[in-house]
Amino acid sequence: MNRIFIAAPKSGSGKTSITIALLETLKRRGVKCVSFKCGPDYIDPLFHQKVLGIPSYNLDTFFTSADVTKDLYLDHCRGFDAAVTEGVMGLFDGAGGMEKEGSSYDLASVTGDNIILVIDAKGACRSLIPLISGFISYDHKKLIKGVILNRCSKGVYEKLEPEIKKLGIRPFGFLRDNKDLILPSRHLGLTLPSELDNIRTVIDSLHEEFNENVKVDELLELTKDFLVEKISSSGYLNNKNPLEDSAIDIPCTIAVARDDAFCFLYEDNLNLLKRFGAKIIFFSPISDEKIPGDADALYFPGGYPELFLEKLSINTSMKLSIKKAYGDGIPVFAECGGFMYLHDAITDADGRRFKTVGIVNSECEYTGRSVRFGYISICEKKPLFLREGEIIKGHEFHYWDTKSVNDSCIASKPFTDNKYDCVIVNDHSWMGFPHLYFPSNPHFAKKFVEMAKSFRSAKK
C-alpha cells in the first residue's frame with residue numbers, strides 16, 4: 001500500500017493543491033485511494049471528496065490518543081491501495097503552535113507515513129537548501145522522503161535538483177507559478193469547492209501540471225512499502241469499552257442538516273452515531289420545506305450560514321418545523337454555524353438582520369475578528385451528555401458571536417490556564433460554537449443516540 005503524507009514548512013505553501021493533483025492522478029491510474037486531513041479543518045476534506053467521490057477523514061493527535069488515532073487510520077485504510085494524508089500548517093506546528101500534539105509530524109509518526117515536503121519556492125532559489133536541510137535535521141524519525149517545489153520555474157528547479165539530492169532526499173519535481181492553479185480563500189480558509197464554477201477545470205489543470213513536472217512513478221515506488229496489517233491495534237473500534245452496546249435496543253433516525261450552508265462535518269462523528277444504532281439521513285434547511293418526518297433527533301453542523309442568510313430566512317416552513325420539533329422535545333445537537341441558525345436572528349457582515357429559527361432567544365452578530373480560535377477540552381457543569389468528570393475535545397473558529405448566555409459547560413484551552421463558559425445544554429439539546437470530535441469521547445455520541453431512541457419510543 002502507498003502511504004503519502006503531504007506536509008509543508010508553513011501554511012499557504014500549496015499542500016491542498018498538491019494533494020488534489022496527487023489524488024486525481026491516483027484515481028486516473030485506477031488506484032483505489034482513501035484520503036485524510038490532519039487536524040480539525042473541514043474544507044480541505046471537501047476538496048478531497050470532490051476528487052475521489054468518497055468521504056475524507058480527519059485525524060488529530062490532540063483529539064485522540066496515538067492508539068485511537070492509529071485504529072481510526074487502520075479502519076479507514078482497509079480495502080484501499082493507497083492512503084494520502086494532507087498536513088496542517090507547518091510540519092511541526094501543533095496545538096498552541098509549540099506542542100507536538102495535533103501537528104502533522106506527530107500524526108505521521110503515529111501512522112509511520114512517508115512525508116513529502118511541499119516548499120513554496122516563490123522568490124527564492126539557493127536559500128531553499130538550508131530551509132530543507134533544517135527540516136531534515138529536525139526530522140529525528142527520518143520520515144521526510146522527498147520534496148516538491150511549488151510556484152517554481154523549470155530553470156530554478158533544475159539548479160536546485162542536484163543540491164537537494166546532496167541532502168539525502170528525493171527532489172520529485174515542481175509546479176509552476178500559475179494563477180489557474182490557485183484555490184481562492186476567505187476568512188475561515190479556502191473557498192468551498194461547491195462555490196467554484198471552475199473547480200473541475202482547476203482539478204484537471206493541477207493534474208496535468210503534476211504529471212508533466214513531477215516524477216509520479218518514482219514517488220509511488222518510494223512510498224509503496226507498507227502493509228496496513230502491520231499497524232498494531234488497540235481494539236478501540238471493536239472493543240465494547242468505550243464503544244459498549246447501547247442500552248436502548250430500538251432503531252432511530254438522526255436527521256443531519258447538510259447543504260451549502262451546513263457542510264462542516266467530521267465523517268467519524270457520523271460513523272460513531274451509526275455504530276450505536278442510528279440511521280443517518282440528510283436534509284437541507286435551504287431548500288427543503290421541513291425536517292424529515294421520521295427524524296428522532298436533529299444534528300446541525302457548522303458551515304457558512306452567513307453566506308445564505310436570505311435563503312435560510314425566507315424558508316419559513318423549515319424554521320417552523322424545527323421550532324415545533326424542538327418544542328416537542330426532539331433531541332438537538334448544534335455546533336457553530338448550526339448553533340447560529342437556531343438563534344432568533346443573524347446579522348451579516350453588512351449589518352443586515354435576518355430572522356432565523358428562534359430556538360435560542362438571542363441574536364448572532366458579526367464581530368469583524370476571530371472571536372475564539374483553537375483547540376479546547378469541554379466539561380459539563382451538570383452531567384447530561386457526558387459522564388461525571390469526563391471531557392470531550394473540540395475546536396472553535398468563528399467571526400460571529402452571540403448575546404445569549406452560554407454557561408452550561410467550561411472550555412479549557414490546552415497547555416494554558418485559560419478557561420471560559422460555553423454551550424447551552426438542557427435535557428434534550430446541546431447547542432454552542434465548539435465543533436466536537438465524537439471519537440474523543442464516544443459516550444457523547446452514545447448518549448445522543450439513546451436520546452433519539454427514547455424520543456422515538458415516547459412517540460409510539
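The values are calculated or read from the model by the stated rules, or taken from the named source; none is laboratory data. In this text, all values refer to a predicted model and were calculated from it rather than measured experimentally. Areas reflect the complete protein model, heavy atoms only, side chains present, ligands, DNA and RNA absent. Shrake-Rupley method; radii C 1.70, N 1.55, O 1.52, S 1.80 Å.
Estimated at the nearest 10 Å², the accessible area of W430 is 0 Å² with a 1.4 Å probe. The share of accessible area on the chain that comes from carbon and sulfur is 49 percent, using a 1.4 angstrom probe. Please compute the length gained on full extension between I250 and K419, using 0.36 nm multiplied by the number of residues separating them and subtracting their Cα-Cα distance. Separation in residues times 0.36 nm, less the Cα-Cα distance, equals 57.0 nm. Between G303 and C263, F264, G337, G338, the built amide H atoms are under 5 Å apart, and every one of these is 5 or more places off in sequence or on another chain. DSSP beta bridges confined to the chain are antiparallel in about 40 percent of cases. Sequence-distant contacts, meaning Cα pairs under 8 Å at least 6 residues apart, place the relative contact order of the chain at 13 percent. Compared with the dominant principal axis of the Cα atoms in the chain, helix 15-28 is inclined by about 80°. In the context of the full set of protein chains, residues of the chain present 41 Å² of accessible surface per residue (probe radius 1.4 Å, heavy atoms only).
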